[in-house]
Amino acid sequence: MDKHQQQLPLAKCSRQQRCSEWVFLDVPSDITIEVDGGTFSLHKFPLVSRSGRIRKLVAEHRESDISRVELLSLPGGSEAFELAAKFCYGVNFEITAANVAQLCCASDYLELTEEFSKNNLGTRAEEYLESVVCKNLEMCVEVLQQCENLLPLADELKIVSRCIDAIASKACVEQIASSFSRLEYSSSGRLHMSRQAKCEGDWWIEDLSILRIDLYQRVITAMKCRGVRPESIGASLVNYAQKELTKKSSLWNPSNQAKVDLVSGSNGHERIVVEGIVGLLPVEKVAVPISFLFGLLRSAVMLDCTIASRLDLERRIGSQLDIATLDDLLIPSFRHASDTLFDVDTVHRILVNFSQQDDSEEDMEDASAFDSDSLPSPSQSALFKVSKLVDNYLAEIAPDANLKLNKFIAIAESLPAHARTIHDGLYRAIDVYLKAHQGLSDPDRRKLCKLIDFQKLSQEAGAHAAQNERLPLQSIVQVLYFEQLRLRNALFCSYPDEDHKPMHQSWRISSGALSAAMSPRDNYASLRRENRELKLELARMRMRLNDLEKEHVCMKKSMERSNSRKFMSSFSKKMGKLNFFGQSSSKESSSPSKQSQRTDPKLTERT
């Protein structure tokens, strides 16, 4: 027998399959008990001797000689009552993780307590729960699964809370132990943690996936409070969502663009699962992959989850949009048949969240981040990546005939002006939109082409735009103008002896990278460098003033010692050396009028 199982007394029993009645052999029956799921013909004495509830029912109807009792609300139904009756009759059975929750609830309902019989069923089930189940994580999960049909009584008896606390404690302890086992010494003698593809302390992830969402939420919340790693929490959420939500491939397949007619109430379970998982997501960005967040968002849109859940997902995605892919952004529009193929409004809100990120979250306080003149700041690098992603997204949605001009422009303008250093991708997307929407009016085409900074087009894109008949005339004129400036710059580069000022100006105009507007981080870095230079100049001036003060004190002491002409002549020489404003010596310093009088004749003679 398993060490985790407990043996109870033995007696004979059999079940009559045809009439679905339980009859205990060799015992005359004088009472019939109806339970949800079955009918039992028993002798009341063994039951009355141990069950307080049945004793009260029989005592209340002693005069009428009661022969039938209904226990329709008994938790666990006929299966739980069968085990309780076996115990009362001395039938041998085993207490296991699969039935201990039923035994505890049935004992509480039937009042199988120490008050009516020593070493009763309730006491023995409680001992097994505390001494065996709560010391084993797998058994705790199994008991929780059994408690799903025993609520709320199982919660009132604290069976659920004890198992949840035991699971969280065991998972935390095993994770700490596995972390210590990964510690090793490097070649330099320093202690560090070895990298492993999967942590050995996270084996419980698969076990938790069998729980119902409400109990799973409580377990994960307890694990967070106990300090389980966010990466482990995220891995458990991904595993749970894949098991619960991948039953419908359209929820997670980004290439499936078929319209879905949602029936209210038909996806209630999936909606509860998505909203529950969103509420359990760790705050750390690296806890779950961004593709998983997009999968949750796609499911939330399809299942019509709460606005709070969708906005939370959009905010989380916006905070790490720079690592997303084009397939992630292609969220199908599930609702209206006349709407766009893709959910443009959701993507627009994600881009707004990305653009409105607080710079303080991006290590703005770290001064070393601005000391380097060559490496871009992290936010600027993220902007470059997202700008390319947005341009590709615009080119992908541009052929949609139902895509309104204002939505296309809103997506394009969601990023700041300094995000794009080259406008080739934006020009390509606008050209695709003009090709697919040939009925646009001239004002709308001009409004659309104002998004393009033609100075930031490459030579190939500029050559294409100069011959593009879909562009308005004003845009073509601008393209030709900047192409001329580019040619002029090339000519000045060919003749370096000429004046370099127009070449520098034309280069700044024609080069997309150099003419890009400075980002707020770049402006901040430039101001920091100027402040450092000013501080150094002030320090030099203080040193010069200190030297002058020391020299003045020495001269004053010398004047007090002697008033001779020799000292005065030396004093005048020293004063002549103190050139405060960069003028010439005293011998050459004369009035401007006299100097001009001397130089005028010479000038006249030369002319």
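From S161, S131, grab the single residue that is farther than 24 Å from I205 by Cβ, without any contact (Cβ under 8 Å) to a residue 12 or more places away in the chain and open to solvent by less than 70 Å² (accessible area, probe 1.4 Å). Even if it seems obvious, please write down each step before you answer.
On the way: S161 fails: farther than 24 Å from I205 by Cβ.
Selected residue: S131, the only one of S161, S131 that is farther than 24 Å from I205 by Cβ, without any contact (Cβ under 8 Å) to a residue 12 or more places away in the chain and open to solvent by less than 70 Å² (accessible area, probe 1.4 Å).
Every listed requirement among (1) outside any helix (DSSP H, G or I); (2) touching a strand residue (DSSP E or B) at 6+ places or on another chain (Cβ under 9 Å) is met by S117 save one, (2). I'd like to check something: does the range 137-145 contain any residue that is modelled with pLDDT of 95 or more and within 27 Å of L47 (Cβ to Cβ)? Yes, the range 137-145 contains a residue that is modelled with pLDDT of 95 or more and within 27 Å of L47 (Cβ to Cβ). So, R335, is that one modelled with pLDDT under 95, under 30 Å from A466 (Cα atoms) and surrounded by fewer than 19 Cβ atoms within 10 Å (Cβ to Cβ) or not? No, not satisfied. Just so you know, in the range 51-68 the residues that are more than 20 Å from L103 (Cα to Cα) and among the hydrophobic types (A, V, I, L, M, F, W, C) include one that is modelled with the highest pLDDT, and it is L57.
Of all the criteria given as (1) buried (at least 17 other Cβ atoms within 10 Å of the Cβ); (2) within 27 Å of I411 (Cβ to Cβ); (3) at pLDDT 60 or above, the one not satisfied by E469 is (1). Of everything in the range 433-466 that's among the basic types (K, R) and crowded, with 18+ Cβ neighbours inside 10 Å, which residue is farthest from E483 (Cα to Cα)? The selected residue is R445.
Scan the range 342-355 and give yes if some residue there is part of a loop (DSSP other than H, G, I, E, B), closer than 18 Å to E396 by Cβ and at pLDDT 90 or above, otherwise no.
Taking the range 342-355 first, the residues part of a loop (DSSP other than H, G, I, E, B) are 343.
Those still in the list that are closer than 18 Å to E396 by Cβ too: 343.
Going one step further and asking which of them are at pLDDT 90 or above, we end up with 343.
Checking the range 342-355: at least one residue is part of a loop (DSSP other than H, G, I, E, B), closer than 18 Å to E396 by Cβ and at pLDDT 90 or above.
Of the numbered criteria (1) part of a loop (DSSP other than H, G, I, E, B); (2) surrounded by 21 or more Cβ atoms within 10 Å (Cβ to Cβ); (3) not acidic (D, E), the one V386 fails is (1).
(1) over 16 Å from I33 (Cα atoms); (2) crowded, with 21+ Cβ neighbours inside 10 Å: which one isn't true of A84, the others all being true? That leaves (1) as the condition not met. Kindly indicate whether K404 is more than 20 Å from L321 (Cβ to Cβ) and surrounded by fewer than 20 Cβ atoms within 10 Å (Cβ to Cβ). Spelling it out, K404 is indeed more than 20 Å from L321 (Cβ to Cβ) and surrounded by fewer than 20 Cβ atoms within 10 Å (Cβ to Cβ).
On the given criteria, is V173 in contact with a Leu (Cβ under 7 Å, 6 or more places away or on another chain) and in a helix (DSSP H, G or I)? Spelling it out, it is not the case that V173 is in contact with a Leu (Cβ under 7 Å, 6 or more places away or on another chain) and in a helix (DSSP H, G or I).
Residue count for the range 69-81 satisfying the condition of being modelled with pLDDT of 85 or more, part of a loop (DSSP other than H, G, I, E, B) and open to solvent by 50 Å² or more (accessible area, probe 1.4 Å): 1. The residue pairs whose first member lies in the range 435-450 and is under 12 Å from P472 (Cα atoms) and at pLDDT 90 or above, whose second member is among the aromatic types (F, W, Y) and in a helix (DSSP H, G or I), and whose beta carbons are closer than 8 Å, counting only pairs six or more residues apart or on different chains, are L448/F408; L448/Y433.
Filter the range 114-160 for residues that are of a type in the set (D, E, K, R), within 37 Å of the chain's Cα centre (by Cα) and within 26 Å of V48 (Cα to Cα) and give the result.
Of the range 114-160, the ones of a type in the set (D, E, K, R) are 114-115, 118, 124, 126-127, 130, 135, 138, 142, 148, 155-156, 158.
Filter once more, so that each one left must be within 37 Å of the chain's Cα centre (by Cα): 135, 138, 142, 148, 155-156, 158.
Scanning the range 114-160 gives a single hit, E156.
Residues checked against (1) at pLDDT 85 or above; (2) β-branched (V, I, T); (3) closer than 30 Å to D444 by Cα:
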residue: D373; (1), (2), (3): no, no, no
residue: V390; (1), (2), (3): yes, yes, yes
residue: Y393; (1), (2), (3): yes, no, yes
residue: E396; (1), (2), (3): yes, no, yes
residue: N406; (1), (2), (3): yes, no, yes
residue: Y427; (1), (2), (3): yes, no, yes
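The values are calculated or read from the model by the stated rules, or taken from the named source; none is laboratory data. Remember, predicted model here, so these are calculated numbers, not experimental data. Using ideal geometry, Cβ is built from the backbone for each residue, glycine included, and neighbour counts are taken over all protein chains shown. Each accessible area value is taken on the protein alone, full model and side chains, heavy atoms only, with ligands, DNA and RNA left out. Shrake-Rupley method; radii C 1.70, N 1.55, O 1.52, S 1.80 Å.
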